[in-house]
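Student: Below: one structure in structure tokens.
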Amino acid sequence: MKRVLSGIKPSGELNIGGFGGALQPFLTIQQEYECFFFVPDLHAVTVKQDPKELYQRSKDIAAFYIAAGIDPKKCTIFIQSQVPAHAELGWLMETQTHFGELGRMTQYKEKSEGKDSVSAALFTYPALMAADILLYQATHVPVGDDQKQHLELTRDLAQRFNNRYGSTFVVPEPIIQSLGSRIMGLDDPSKKMSKSNPNRNSCVHLLDSPDEIRKKFAKAVTDSEGSVRLDWETKPAVSNLMEIYAVFSGDSIAAIERRYEGQGYGSFKKDLAEAAAERLIPIQERYREIVDSAELIAILKDGALKASEAANATLLRAKQAMGFVTF
Ligand code: AQP
């Protein structure tokens with residue numbers, strides 16, 4: 001059985017970057033794979049989080065999974081910190097990870113740049129991410145552009161562990177998506193659209209109203225050429241908007257180019273906002289129904305039980321392989 005583990009960190013308000021790069025692909029993936037979709041809250045706390053916000057955002061991410069169409073009857077949906085095996089295998093994986101390997105991670109370099117001090121966890125979290133994946137013996141992991149390096153490390157660690165202690169972990173393969181794997185900021189197409197960007201106009205949030213969506217796309221930077229044409233080298237801002245349009249409308253890039261040939265950016269941006277709102281409004285409605293419901297709690301409790309069962313079995317194998325006393 002092909003199995004997938006993936007998740008979205010509750011480190012800020014979910015935006016259309018996470019939607020295009022993770023949530024939307026999850027909907028297709030659930031048709032083909034046995035899926036574990038989790039809320040990686042232990043990863044969120046590698047940087048400072050307000051406790052009340054972390055609590056709310058963790059529930060939000062879980063609610064968005066369901067609101068977007070992930071089927072809790074088919075998939076296991078859970079919160080990472082409710083399955084203690086993650087932290088425990090995370091530690092064991094740290095013992096297998098070289099300092100130099102972690103130092104090469106570009107995410108660490110980007111997130112620590114210009115900061116006086118960062119947490120040790122920000123440095124070591126790729127080992128925890130490896131544990132997340134290996135605990136479920138995931139055969140496949142969907143990876144956005146920025147996560148490729150971490151999955152490579154996970155594969156190296158799984159192979160290293162298997163060579164040292166005997167076959168224990170499945171070595172996971174990436175699922176590379178062609179569309180939406182790197183959605184850039186609306187204010188700056190050289191920077192990835194990120195939840196932690198304080199500029200609210202850099203992205204469209206999943207809970208934005210149609211009016212806010214329209215305003216944000218209207219403000220999005222473009223270029224002076226005035227033609228809707230994909231060229232990441234010379235027209236990154238417009239190419240980014242075209243990719244977002246393709247994510248929301250399901251249209252191909254070629255079809256979008258044809259539709260707006262000879263037109264400026266005005267009607268393109270207006271239609272883009274309509275396409276995004278049309279997709280997001282029903283998700284928002286379902287999110288509001290479920291976010292504070294007993295239904296969500298029941299799904300997460302059930303998910304934590306199922307996830308623990310799978311994770312504890314792998315953890316036990318790994319501990320026995322390493323020589324820990326187990327009963
Ligand atoms: N802008 C994006 N374009 C495409 N994919 C994206 N993803 C996130 N942003 C984009 C993908 O979504 C998955 C879950 O990501 P995450 O939220 O767990 O971590 P992240 O990539 O660190 O997200 P942010 O928004 O940038 O969070 P902060 O600012 O807190 O670090 C991943 O597969 C990711 O590639």
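Student: Return the total of residues in segment 282-327 being over 24 Å from D71 (Cα atoms), open to solvent by 50 Å² or more (accessible area, probe 1.4 Å), not in a helix (DSSP H, G or I) and not aliphatic (A, V, I, L, M).
Tutor: Qualifying residue count, segment 282-327: 3.
Student: Could you grab the pairs with beta carbons closer than 8 Å, sequence gap of 6+ or different chains, first residue in segment 242-268 and open to solvent by 60 Å² or more (accessible area, probe 1.4 Å), second one of a type in the set (D, E)?
Tutor: Close Cβ pairs satisfying both conditions: R259/D251.
Student: Kindly evaluate T95 against the criterion of being more than 19 Å from K9 (Cβ to Cβ), in contact with a strand residue (DSSP E or B) (Cβ under 8 Å, 6 or more places away or on another chain) and of a type outside the set (G, A, S). Talk me through it step by step, then tell me what you get.
Tutor: Working: more than 19 Å from K9 (Cβ to Cβ): yes; in contact with a strand residue (DSSP E or B) (Cβ under 8 Å, 6 or more places away or on another chain): no; of a type outside the set (G, A, S): yes.
No; evaluated as a whole, the condition is false for this residue.
Student: Taking segment 182-206, which residues are open to solvent by 60 Å² or more (accessible area, probe 1.4 Å), assigned to a loop (DSSP other than H, G, I, E, B) and either within 11 Å of the ligand (Cβ to nearest atom) or within 13 Å of L14 (Cβ to Cβ) (or both)?
Tutor: R182, K191, S196, P198, listed by residue number.
Student: Taking segment 209-220 on its own, how many of its residues are buried (at least 16 other Cβ atoms within 10 Å of the Cβ) and in contact with a helix residue (DSSP H, G or I) (Cβ under 7 Å, 6 or more places away or on another chain)?
Tutor: Our first condition is that a residue be buried (at least 16 other Cβ atoms within 10 Å of the Cβ); within segment 209-220, this holds for 212-214, 216-217, 220.
Narrowing further to those that are in contact with a helix residue (DSSP H, G or I) (Cβ under 7 Å, 6 or more places away or on another chain): 213-214, 216-217, 220.
The total comes to 5.
Student: Which condition does P126 not pass, out of (1) assigned by TED's automatic domain parsing to the domain that holds H43; (2) in a loop (DSSP other than H, G, I, E, B), if it passes all the others?
Tutor: (2)
Student: A further question on this structure: Output the residue which, of all residues in segment 126-158 that are open to solvent by less than 30 Å² (accessible area, probe 1.4 Å) and of a type in the set (S, T, Y), is farthest from the ligand (Cβ to nearest atom).
Tutor: Y136
The values are calculated or read from the model by the stated rules, or taken from the named source; none is laboratory data. As the structure is a computational prediction, the values presented were derived from the model and not from experiment. Virtual Cβ from ideal backbone geometry, glycine too; neighbours counted across all protein chains shown. Surface accessibility is based on the protein's heavy atoms, side chains included, excluding ligands, DNA and RNA. Shrake-Rupley method; radii C 1.70, N 1.55, O 1.52, S 1.80 Å.
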